[in-house]
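The values are calculated or read from the model by the stated rules, or taken from the named source; none is laboratory data. Remember, predicted model here, so these are calculated numbers, not experimental data. Quick reminder, even Gly has a Cβ in these numbers, built from the backbone with ideal geometry, and neighbours come from all protein chains shown.
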Amino acid sequence: MQSKKVKLLYGDKGIELNLKDNWKPHIIRKPVMPIIKDIKSEVTKILNNPIKSRNIDEIAKNAKSVCILVCDITRPVPNKLYLKQMIRRFINAGISKKDILIIIATGLHRPSSKMEIKQIIGSDWVLKNVKIVNHFARDDDMHRMIGVTKQGNIIKLDKRFLEADIKIVTGLVEPHFMAGYSGGRKVIAPGIAHADTIKTFHSARYMENPKATSCNLNNNPLHQDQVEIVKMIGKVYAINCVIDENRNLSYINFGEVLASHTKAVNFISNFAKVKCNNTFNTLVTSAAGAPLDGNFYQTVKGMVTPLEILKKGGDLIILSECSQGLGSDEFIKSQKKLLEIGQEKFLRNILKKDFAAIDEWQTEMEIKSLKKANIYLFSEGLSKEEKKYTGVNIINDLNKAIDESIKKHDNNNIAIIPEGPYVIPVI
């Protein structure tokens, strides 16, 4: 018997949705994923048995410096489970603490605060023993050009990473609505890329390519550039993590960045892509809860990823706390421009550009959902003024919004995606 309640990821605590008797809910979530119980042993195992690489002790021989990239606060990466163990291996191999650097790969996001860095790292020992810095994409002096991709993107990266003897990226591998999958090569670019490189990546000639979509790496223009960038750099290693809906570690590996990322993609794709037999007039989803639903900018991901199973003219109802507001000043400016000139003119304008304006790409992605569906947002974190610039319908009562959608479409079949953009429903 199906439960009468379903918990949707929202902020830190989630929201329980009471399922009414007259609804026909279709709960779309990943199959049950394995959970790693003895994490310390598993980390030892992956460091000793890397993918397409020497083990970590051999990598450290004759090396004098290490640079480790970690994702910013928008990703729930379980760094506390492996960072200390990996760093201690480097120290035991003869690398001095003072020659180990962690860079927060912010891309064009704002720098992480001291409190956020503590949350990102998750280990007091690492915080006390290793230098941790933010990446600043607009700081010209901190970047070095390393080449030009076949698509014409001039690649400039944080020189602190480039100058290290050992280069390691860490991150989650999960569906990404532009790059196919997050993690691995994506932590480098856009993670530590210069603003100009990032703005090219996110220009309309990349973003409007139908291959730049969730769970697709074949001929994806973003992924193609990212792979080229890795080859320009040379040897790069990665720790790749996969977590389940409850943020338990389900898979972890270590090795050469491209080969290890591919292994992690193969693992998560068996769970994250969920086959559906139906399309729906009414779809209820989330923005994946904290930390991803901290602002409306990130919420757009949850508005785009389930569109394949939503009927044209249907209703997409999304929950997102947005405790930190809309997002950057540039994103707010872009949202205001959308409301001022409309969808078609906005798209025509950006198609002319070689460089996207910062964060306007998220407005561009929002338009994809607006062109297909009626979007309804439940959010307790946005002010009345901020809600005006979302460009979507604001609701305060979930059950009422669902009932009205059922009545409007005369169809009580409802798709419910508790984990939001971390689950990709496909026909």
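Which one is farthest from C71 (Cα to Cα) among residues in the stretch 109-132 that are out of contact with any Lys or Arg (no Cβ under 6 Å at 6 or more places or on another chain) and in a loop (DSSP other than H, G, I, E, B)?
V130
I'd like the residue in the stretch 139-151 that is touching a residue at least 40 places away in the same chain (Cβ under 8 Å) and assigned to a strand (DSSP E or B) and, out of all such residues, is surrounded by the fewest Cβ atoms within 10 Å (Cβ to Cβ).
G147
Considering only the stretch 335-348, I want to know if a residue exists there that is within 23 Å of the chain's Cα centre (by Cα) and not β-branched (V, I, T).
Start the filter on the stretch 335-348 by keeping residues that are within 23 Å of the chain's Cα centre (by Cα), which leaves 335.
Among the residues that remain, those that are also not β-branched (V, I, T) are: 335.
Within the stretch 335-348, one or more residues are within 23 Å of the chain's Cα centre (by Cα) and not β-branched (V, I, T).
Output the number of the condition that I394 fails; it satisfies all remaining conditions of (1) under 17 Å from L8 (Cβ atoms); (2) of a type outside the set (F, W, Y); (3) under 25 Å from the mean Cα position of the chain (by Cα).
So I394 meets the others, but not (1).
Scanning for something at positive phi and either crowded, with 17+ Cβ neighbours inside 10 Å or not charged (D, E, K, R) (or both), does the stretch 11-32 turn up at least one residue?
Looking through the stretch 11-32, at least one residue is at positive phi and either crowded, with 17+ Cβ neighbours inside 10 Å or not charged (D, E, K, R) (or both).
Only one of these conditions is not met by S250: (1) assigned by TED's automatic domain parsing to the domain that holds G14; (2) touching an Asp or Glu at 6+ places or on another chain (Cβ under 6 Å). Which number is it?
It is condition (1) that S250 fails.
Yes/no matrix, rows are residues, columns are (1) out of contact with any Lys or Arg (no Cβ under 9 Å at 6 or more places or on another chain); (2) modelled with pLDDT of 95 or more; (3) hydroxyl-bearing (S, T, Y); (4) within 19 Å of I233 (Cα to Cα):
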{"site": "R138", "(1), (2), (3), (4)": "yes, yes, no, no"}
{"site": "D141", "(1), (2), (3), (4)": "no, yes, no, yes"}
{"site": "I146", "(1), (2), (3), (4)": "no, yes, no, yes"}
{"site": "L157", "(1), (2), (3), (4)": "no, yes, no, yes"}
{"site": "E163", "(1), (2), (3), (4)": "no, yes, no, yes"}
{"site": "V169", "(1), (2), (3), (4)": "no, yes, no, yes"}
{"site": "P175", "(1), (2), (3), (4)": "no, yes, no, no"}
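Going through the stretch 393-427 one residue at a time, which ones are hydrophobic (A, V, I, L, M, F, W, C), in contact (Cβ under 8 Å) with a residue 40 or more places away in the chain and either within 22 Å of G294 (Cβ to Cβ) or crowded, with 18+ Cβ neighbours inside 10 Å (or both)?
If the condition is that a residue be hydrophobic (A, V, I, L, M, F, W, C), in contact (Cβ under 8 Å) with a residue 40 or more places away in the chain and either within 22 Å of G294 (Cβ to Cβ) or crowded, with 18+ Cβ neighbours inside 10 Å (or both), then I395, L398, A401, I402, I406, I414, A415, I416, I417, V423, I424 are the ones that fit.
Restrict the check to the stretch 152-171 and report whether at least one residue is assigned to a helix (DSSP H, G or I), among the charged types (D, E, K, R) and assigned by TED's automatic domain parsing to the domain that holds K64.
Yes, there is a match, as at least one residue in the stretch 152-171 is assigned to a helix (DSSP H, G or I), among the charged types (D, E, K, R) and assigned by TED's automatic domain parsing to the domain that holds K64.
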